[in-house]
Amino acid sequence: MQASALQNKFERIRANKWFEIFVVSVIVVSALLVGAKTYELPNGMASVTVFLDWFISAFFLTEITIRFLAEKRKMQFFKSFWNWFDTLIVIISLIPADDAELALIARLVRVFRVLRMISIIPELRILLVSLVKALPQLGYVMLLMFIIFYIYAAIGSTLFENINPVLWGDITISMLTLFRVMTFEDWTDVMYETQEVYPLSWIFYLTFIFFTAFAFLNMVIGIVVNVMERENEKARAEKQAELLAELEAQGNVEPTLKDVMAELNEIKAQLKHREKP
């Protein structure tokens, strides 16, 4: 009974909004601390940064312990990728930065502590998960873009090599030049140079920009946004399902909520149907 009461206390701490805000604040301070260490600091400030560094490491260790103890099913804690990620970052952060051999690793890991912001804020998690799930579809778009790059680079290297070997010397250099054109980095200078020899070379550049900067990049944005919408719908459905489960456990579920539960199941079925290729 006492253990259950203690677990409930840890669970309330984990769910507390102010505790979450404080954790985010510590992560921000940790990020600022990493940036401050890239400057030459006075001896007094250097000692303060060392103290803050150890305080942040100790706090992260306490915070991950609270989250573990608040979990009703302890094995469920390790089924989450984000829990593994946070635990790994916290453990490696305990490496002493004073050790000459491990100092570089310790400093690099302290930089990655900023990534804990993703695991703490659900919206950032949805963004990252959406990007990862969109990668298979983005792969085909990137392949098609590479084909367009390769064709245009071969044409550019063949036609414009004698005009400027620095920009069009071979196909790899031509692809770098085309990347510069796609990002609009002084691309008109490149075009005007070739127009002096080939007046109609503007067609080469405009068609390339249309395919890459306009068509393909918008396709990439569309794919990511589509996946993000599905993930947001799934997150809302899961949150509502968890709320209904808690209300059912407390016996506070009204008859109308069961109808909502049926609608949630229909939403989940639609989401699964959308995810099928």
Problem set entry | Integer Hz, Karplus 6.51/-1.76/1.60 couplings in order for region 25-38, x for Gly and Pro | 4, 5, 5, 5, 4, 4, 5, 5, 5, 4, x, 5, 6, 7
Problem set entry | Solvent-accessible area of residue 202 with every protein chain in place, 1.4 Å probe, in Å² to the nearest 10 | 100
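The values are calculated or read from the model by the stated rules, or taken from the named source; none is laboratory data. None of the values given here were measured: they were computed from a predicted structure. Remember, those area values only see protein heavy atoms, side chains included, never the ligands or the DNA or RNA. Shrake-Rupley method; radii C 1.70, N 1.55, O 1.52, S 1.80 Å.
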